[in-house]
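These notes are about the structure you will find just below.
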Amino acid sequence: MSRPQTPAPAARLNGVKGMNDVLPPNSAAVEALEARVRRLMARYAYRNIRTPIVEHTQLFTRGLGEVTDIVEKEMYTFEDRLNGDSLTLRPECTAGVVRAVVEHAMLYDGGKRLYYIGPMFRHERPQRGRYRQFDQVGAEALGFGGAEVDAELILLAVALWQDLGLSDLRLEINSLGQPAERLQHRRALIEYLEQHAELLDEDARRRLHSNPLRILDTKNPALQPVVAAAPRLLDFLGQDSLSHFNALRSILDANAVAYSVNPRLVRGMDYYNLTVFEFVTDRLGAQGTVCAGGRYDYLIEQLGGKPAPAVGWALGVDRLLELLKDQGQERLDMAPDAYAVVADKNAMPQVLQQLQALRALGVSVQMQASVDGVMASLKSQFKRADASGARFALVFGADELSRQSVTIKPLRDGSGAQISHAWADIATWGPTLQSPT
Ligand code: ATP
Ligand code: MG
């Protein structure tokens, strides 16, 4: 048999559905967001933890609860081909963090404040704001039982929204109380839902006796009226649970954090107790929850650790970026401080020396480069400078070059007046080009 003379073109390979490539310029927005997150975490003394993407499946079935969306239908689970262990791509990171904290006895000398940034995997129907691989930022405070740490975590999230210039995130809070209180509420809830069984959907009927609280979290609009009139968990809370809730509220009030109490707010995982909260926006359609969390005082024990309380939240980076985009903010984050406009290619050796000096001073600079050996006209260079989003153009025109100076031309409102500086004084004027952060 002879081989064909011209091989057929290879079929194109595409990425996996629901898993996205992040390309420039979007990748710059992600990096800028991550940089802001890291800076803010440092300000609140939260330290980075990096756990593996793959964990034993049991960690999630035990940690998240068998009757949850994630465990029932969203996990990417496979067998280790050598020893047959069941492994799962992490659908969330709290369980992994707790596993690591227990495994390394991290709480031996007191509580720990931790944060992570990284990809999570859930087999969901891909749509706007809902993907099969998505990034989360999470903050977890382990070994702390007081409501002041619930408040600290909420204040940290609010500081992030402020830092990003986001104003439309609503905070909703609720208390899930303690297991005994939930049990009493559960009885009342089942009784109520049984009376309205004909109005329930299949999912709800299946969960009626296994996990009725989760029915309150339904996304089915047809169920909203039934759910709205259901017995409220808040009405079943005892004194201790109420005082924890009130302590949180008074700290939020004292710090002028606006919130509403949503008695129907329950979270998707079984591990929560006492405080739960969500930051929600109306601007992203159905996928409006940007950040969610709460207290999980029993999870550490449930995963084999010495009993210790904990609280945390996770935010969806993809949804947050969409919100920034929706508010026209994503470009600012990735714009350089300055854009160098250069009249003469032959001056590049000196020009690059100045740009290097500025970068060493912490100024981010994008340089106009030649195309096919020629510099574009100054007019078209200024257009580029403007499109880059930079706050200043650094003009190295013929005049400036002959005088060993540079003209700083403001490109945005409120950036001041045009002014020329000598290269020799760069250490003085250079730092003024840095964006205020
Ligand atoms: P939802 O109710 O939207 O399914 P969830 O309760 O499953 O969210 P959590 O497990 O609490 O979400 O995750 C925290 C945050 O992570 C969510 O508020 C959301 O911003 C983000 N997130 C969750 N699932 C996805 C996904 N499939 N794609 C993108 N972001 C997601
Ligand atoms: Mg979900």
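The values are calculated or read from the model by the stated rules, or taken from the named source; none is laboratory data. Computed from a predicted structure; not experimentally measured. A quick note on method: Cβ atoms are made from the backbone with ideal geometry, for glycine too, and the neighbour counts reach across all protein chains shown. Surface areas here come from the heavy atoms of the whole protein model, side chains and all, with no ligands, DNA or RNA. Shrake-Rupley method; radii C 1.70, N 1.55, O 1.52, S 1.80 Å.
Could you list, in sequence order, the residues of the range 135-170 that are open to solvent by less than 30 Å² (accessible area, probe 1.4 Å) and either among the aromatic types (Phe, Trp, Tyr) or on the phi > 0 side of the Ramachandran plot (or both)?
Within the range 135-170, Trp161 is the sole residue that qualifies.
Tell me, which strands (runs of 3 or more DSSP E) wholly within the range 287-388 include 3 or more residues that are under 30 Å from Leu114 (Cβ atoms)? Before you say what the answer is, go through the steps one by one.
Values: elements: 289-295, 310-316, 338-342, 365-367.
Where strands (runs of 3 or more DSSP E) fall fully within the range 287-388 and carry at least 3 residues being under 30 Å from Leu114 (Cβ atoms), they are 289-295, 310-316.
Residues of the range 250-261 being in contact (Cβ under 8 Å) with a residue 40 or more places away in the chain and either part of a helix (DSSP H, G or I) or surrounded by fewer than 17 Cβ atoms within 10 Å (Cβ to Cβ) (or both), which ones? Let's see the steps before the verdict.
Here is the first cut: in the range 250-261, the residues in contact (Cβ under 8 Å) with a residue 40 or more places away in the chain are 251-252, 255, 257-261.
If the condition is that a residue be in contact (Cβ under 8 Å) with a residue 40 or more places away in the chain and either part of a helix (DSSP H, G or I) or surrounded by fewer than 17 Cβ atoms within 10 Å (Cβ to Cβ) (or both), then Ile251, Leu252, Asn255, Val257, Ala258, Ser260, Val261 are the ones that fit.
Scan the range 188-208 and report the pairs whose first residue is farther than 10 Å from Val227 by Cβ and whose second residue is polar (S, T, N, Q), with Cβ atoms within less than 6 Å and a gap of 6+ or a chain change.
Asp201/Asn220
Which one of Arg47, Arg62 is in the same structural domain as Trp313 (by TED's automatic domain parsing), in contact with a helix residue (DSSP H, G or I) (Cβ under 7 Å, 6 or more places away or on another chain), more than 16 Å from ligand 2 (Cβ to nearest atom) and open to solvent by 30 Å² or more (accessible area, probe 1.4 Å)?
Details: Arg47 fails: in contact with a helix residue (DSSP H, G or I) (Cβ under 7 Å, 6 or more places away or on another chain).
After ruling out the rest, the residue left standing is Arg62.
Quick check on this structure: which one of His196, His185 is at pLDDT 90 or above and buried (at least 16 other Cβ atoms within 10 Å of the Cβ)?
His185
All but one of (1) among the aliphatic types (A, V, I, L, M); (2) at pLDDT below 90; (3) assigned to a loop (DSSP other than H, G, I, E, B) hold for Leu213; which doesn't?
(3)
Testing Glu124 on (1) within 12 Å of ligand 1 (Cβ to nearest atom); (2) open to solvent by less than 10 Å² (accessible area, probe 1.4 Å), one condition comes back false. Which one is that?
All conditions are met except number (2).
I'd like to know if the range 232-243 contains one or more residues that are farther than 18 Å from Glu148 by Cα, basic (Lys, Arg) and open to solvent by less than 30 Å² (accessible area, probe 1.4 Å).
Among the residues of the range 232-243, not one is farther than 18 Å from Glu148 by Cα, basic (Lys, Arg) and open to solvent by less than 30 Å² (accessible area, probe 1.4 Å), which makes the answer no.
If Pro307 satisfies every condition in (1) open to solvent by 10 Å² or more (accessible area, probe 1.4 Å); (2) in contact with a helix residue (DSSP H, G or I) (Cβ under 7 Å, 6 or more places away or on another chain); (3) touching a residue at least 60 places away in the same chain (Cβ under 8 Å) but one, which is the exception?
Of the numbered conditions (1) open to solvent by 10 Å² or more (accessible area, probe 1.4 Å); (2) in contact with a helix residue (DSSP H, G or I) (Cβ under 7 Å, 6 or more places away or on another chain); (3) touching a residue at least 60 places away in the same chain (Cβ under 8 Å), the odd one out for Pro307 is (3).
All but one of (1) of a type in the set (D, E, K, R); (2) within 16 Å of ligand 1 (Cβ to nearest atom); (3) farther than 28 Å from Gly285 by Cβ hold for Arg90; which doesn't?
Only one criterion is unmet by Arg90, namely (3).
Could you grab the pairs with beta carbons closer than 6 Å, sequence gap of 6+ or different chains, first residue in the range 267-291 and within 23 Å of Gly238 (Cα to Cα) and open to solvent by 10 Å² or more (accessible area, probe 1.4 Å), second one of a type in the set (A, V, I, L, M) and part of a loop (DSSP other than H, G, I, E, B)?
Tyr272/Leu176
Output yes when any residue across the range 76-88 is in the same structural domain as Arg122 (by TED's automatic domain parsing), within 14 Å of ligand 2 (Cβ to nearest atom) and open to solvent by less than 10 Å² (accessible area, probe 1.4 Å), and no when none is.
Here is the first cut: in the range 76-88, the ones in the same structural domain as Arg122 (by TED's automatic domain parsing) are 76-88.
Narrowing the set further to residues that are within 14 Å of ligand 2 (Cβ to nearest atom) leaves none.
No: zero hits.
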